[in-house]
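> Structure provided below as structure tokens; questions to follow.
The values are calculated or read from the model by the stated rules, or taken from the named source; none is laboratory data. Treat the numbers as computed from the prediction; the structure is a model and nothing was measured. When we count neighbours, we look across all protein chains shown, and the Cβ atoms used for this are built from the backbone with ideal geometry, even at glycine. Side chains included, ligands, DNA and RNA excluded: accessible areas come from the protein's heavy atoms. Shrake-Rupley method; radii C 1.70, N 1.55, O 1.52, S 1.80 Å.
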Amino acid sequence: MVRKLVSSLLSPIFLVLVLFLLPFLASARSGSRSVGLNLQSESEPSDGRWTDVLRLIQVAENKPPTWLTEDEILVLIRAGVKFMDVTEDQKGVTAVAKKTRVYPDVPNYVSEVSEFIPLLEAQRLKTTLKAFTNFHTRYYRSSSGADSSKWLFKQILAIINAASDDIDVSVKKFKHSWVQKSIIARFEGSDPDRQEEVVIVGAHQDSINMWFPMVGRSPGADDDGSGTVTILEAFRVLVEGGFKPTRPVEFHWYSAEEVGLLGSQAVAQYYARQGRDVIGMLQNDMTGYVGNQKGSFGIIVDYVDDDLTLFLKKLARQYANMPIVDTKCGYACSDHASWRKAGYPSAFAFEGKFENSNPYIHTSNDVLENLDFDHMLEFSKLAVSFAVELSHID
Ligand code: BES
Ligand code: ZN
């Protein structure tokens, strides 16, 4: 079925049309959501050719996956067909048994959270995002994508180095078989019996130009520079404010989300193999675009944990100043889905309703000028409250 779709899209008429339209399409994104590709595998050819590498691609949860080449995957991407790269699942990845966790009825650490929130600054979001979007692309296997990851790591390290000595916080690189590394910053917890538990706040650091992934300009300001700086700012105020969680709290910046959630799948599967207990994971992907709508939190209600999502809404009501709207991606659209697949509870706060989301993503027009930094700051408040509250619950 997928092959039939691919071969019909590869028809001469379609190809001539695409070639003719390419210059226009490179800066204008079509209405449907497109996906990226993953061309990386352990059999990566050293001369940079990818044509012969096959990846296992699944276009829907109820359909069997199919082995596709780079050219075939690119056709899918440009046609806006959704997929997940499940090649690594062949290696016998573990899914942990889901523990049922009960979240509190109401937020319980209001005075502690309220000490951190006033430290958040919209101007810092903007300054950091400006620098981050200056990398030509943050595509996961480009050299500028590797550089942007190193730069981000340095920003995190600088925050940590400025912290007072009694804060137990560190940062590490999580290596993949491609050049852009994921990044994990961690606050240790004070309770020795809860070392294997963790609360996770995440975003993805990579970007994609869907027409020319390796060479095209891809500022990725909203997708997902916004989430990257949203959680970096939350991390900064927690460090500067002297956060001491009961259980460990981690901030994750994933590589290779745009090509089938590869970075987050690798990290989630690693945690599952280690038997770690994730109390809750909050994804931040696209937090800056309001357009001509009234600002609101879009709370994603599909492919998430219902109980954690209910608690997230309570946090939003308590700590932020924006209305909440339920919304759906309709597919496993971001890194929260990797945690869910590994058997862990995850949630996803998004810039508004899915149908009103930023139309420029995956093109050279996903720029800073389209974004609202006060809107973004509300997501930093949510991330701070998620980290503090879940770090202390029983
Ligand atoms: N940020 C997008 C997901 C998204 C787009 C959410 C629009 C809500 C509204 C993400 O980076 C992305 O592009 N995801 C892919 C799917 C992924 C599995 C490759 C997509 O949506 O096509
Ligand atoms: Zn994204």
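> For the stretch 215-266, which positions are within 19 Å of F348 (Cβ to Cβ), more than 15 Å from the chain's Cα centre (by Cα) and in a helix (DSSP H, G or I)?
Hits for the stretch 215-266 are E233, A234, F235.
> Could you figure out which of (1) of a type in the set (G, A, S); (2) open to solvent by less than 20 Å² (accessible area, probe 1.4 Å); (3) at pLDDT below 95 isn't true of G291?
The number of the failed condition is (2).
> Please enumerate the residues belonging to the stretch 304-324 that are crowded, with 17+ Cβ neighbours inside 10 Å and touching a Lys or Arg at 6+ places or on another chain (Cβ under 6 Å).
Result: Y319, A320.
> Of all residues in the stretch 106-119, which are without any contact (Cβ under 8 Å) to a residue 60 or more places away in the chain and farther than 10 Å from K381 by Cα?
Scanning the stretch 106-119 gives a single hit, S111.
> Tell me, which helices (runs of 4 or more DSSP H) lie completely within the stretch 278-394 with 1 or more residues that are within 30 Å of Q58 (Cβ to Cβ), over 17 Å from the mean Cα position of the chain (by Cα) and of a type outside the set (D, E)?
It comes to 306-319.
> Only one of these is touching a residue at least 12 places away in the same chain (Cβ under 8 Å), surrounded by 15 or more Cβ atoms within 10 Å (Cβ to Cβ) and under 17 Å from the mean Cα position of the chain (by Cα): F187, F174. Name it.
Answer to the selection: F174.
> Say we look at the stretch 193-209 and pick out the residues that are surrounded by fewer than 24 Cβ atoms within 10 Å (Cβ to Cβ) and assigned to a loop (DSSP other than H, G, I, E, B); which of these is nearest to ligand 1 (Cβ to nearest atom)?
Taking the candidates together, the pick is E196.
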